[in-house]
Amino acid sequence: MKLFTEGSVGLGANATGTLGEEWVVFVKAWSVFQTNAGFDKSANGRLPSQNRPVVVKNWIARARSVTYRPDIGSLTHYEKGFNSWWTSMQPPWRMVNGRLDKERTDGDWSALNQPGPNGLLNVVAALYFWGRAAYGGKHEKAWKAAVKDCTAAFQALL
């Protein structure tokens, strides 16, 4: 989908260019997932809205504009919010003592099988907004860890 590809006017790059190879791999995994779902705009995938970054809500309210570039505020706060949101949608078998075990990837991922405009697209957007703000700075490592885990989850859905 052009919206997220490198060099597009959409969500593929930050202000200085690329968001790195991890981002490219992640977007490709999401794209294959959506392709397998037929890029069906009427797909009724839904993710929880509790703890969802407010910038995603604002992006949706702007008809998912490819030019929307929000100020996400505190990167530490955004990271905590994103991780809470991401954790809330995980299959129970990924949770150990109330915490997400990112090493656990073999199991039933159907809980995350959420294609369409209200599904995993919102995770992609949330990570993009975070990446634009974090890339090249001290918060990049945390962003890359989230991208890596989301990539593993998306690939498991294929």
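None of the figures in this text is laboratory data; all of them are computed from the coordinates on show. Values in this document were obtained by computation on a predicted structure and should not be read as measured data. Backbone-built Cβ (ideal geometry, glycine too); neighbour counts: all protein chains shown.
Once the Cβ-Cβ distance of T35 and K102 is raised to the sixth power relative to R0 = 30 Å, the FRET efficiency obtained is 0.75.
Of A146, A111, A134, which is the most mobile in a GNM of the chain whose springs link Cα atoms less than 10 angstrom apart? Result for the chain, Cα springs under 10 Å: A111 fluctuates most.
Magnitude of the charge dipole for the stretch 13-158, about its Cα centre and with charges confined to Cβ atoms of Lys, Arg (+1) and Asp, Glu (-1), is about 400 debye. For the chain, what does the relative contact order come out to in percent, with C-alpha contacts under 8 Å and a separation of six or more? Averaging sequence separation for qualifying contacts and normalising by length gives 35 percent for the chain. Projecting label points 7 angstrom from Cα along Cα→Cβ for N113 and Q50 puts them 2.5 nm apart.
Running Debye on the stretch 88-158 with equal point scatterers at the Cα sites and no solvent, what base-10 log of I(q)/I(0) appears at q = 0.17, 0.19, 0.21, 0.24 Å⁻¹? Log-scaled intensity ratios, in q order: -0.69, -0.84, -0.98, -1.15. Hey, if you put +1 on the Cβ of every Lys and Arg and -1 on every Asp and Glu Cβ in the chain, which of Q155, G131, P53 ends up farthest toward the positive end of that dipole? With unit charges placed on the Cβ atoms, the residue in question is P53. Annotation: the residues M95, M89, sorted from fewest to most other C-beta atoms within 10 Å of their own C-beta, follow the order M95, M89. Test of the criteria: in the stretch 84-158, which trypsin sites (Lys or Arg not before Pro) are in a DSSP loop and have at most 11 other Cβ atoms within 10 angstrom of their Cβ? Answer in residue order: K138.
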